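Here the structure is laid out as structure tokens; the discussion comes afterwards.
The values are calculated or read from the model by the stated rules, or taken from the named source; none is laboratory data. Computed from a predicted structure; not experimentally measured. All accessible areas refer to the heavy atoms of the entire protein, side chains included, with ligands and DNA or RNA removed. Shrake-Rupley method; radii C 1.70, N 1.55, O 1.52, S 1.80 Å.
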Amino acid sequence: MKKSNMLRKLGLALLIAMLGAGLAACEEEGPAEQAGENIDESVEEMGEGVEEMGENLEQAAEDAQN
């Protein structure tokens, strides 16, 4: 699988997760609102991890070519 295709799929999965978390946060108020904010933070951290993984995969692909 091409790395650009894989990165596109990872980005799409991240977008879907963020939208789902955002919808869940909007429906609730009070303590659930705090839970939604925690979910948002977790999703953001996950996105950073996915981005780092993509960079590592890209670096590994470049190293494999050399």
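Points worth noting:
- The residues in segment 47-66 that are of a type outside the set (A, V, I, L, M) and within 13 Å of the chain's Cα centre (by Cα) can be counted, and the count is 6.
- Qualifying residues in segment 30-66 (those that are under 13 Å from Leu15 (Cα atoms) and β-branched (Val, Ile, Thr)) - the one most open to solvent (accessible area, probe 1.4 Å): Val50
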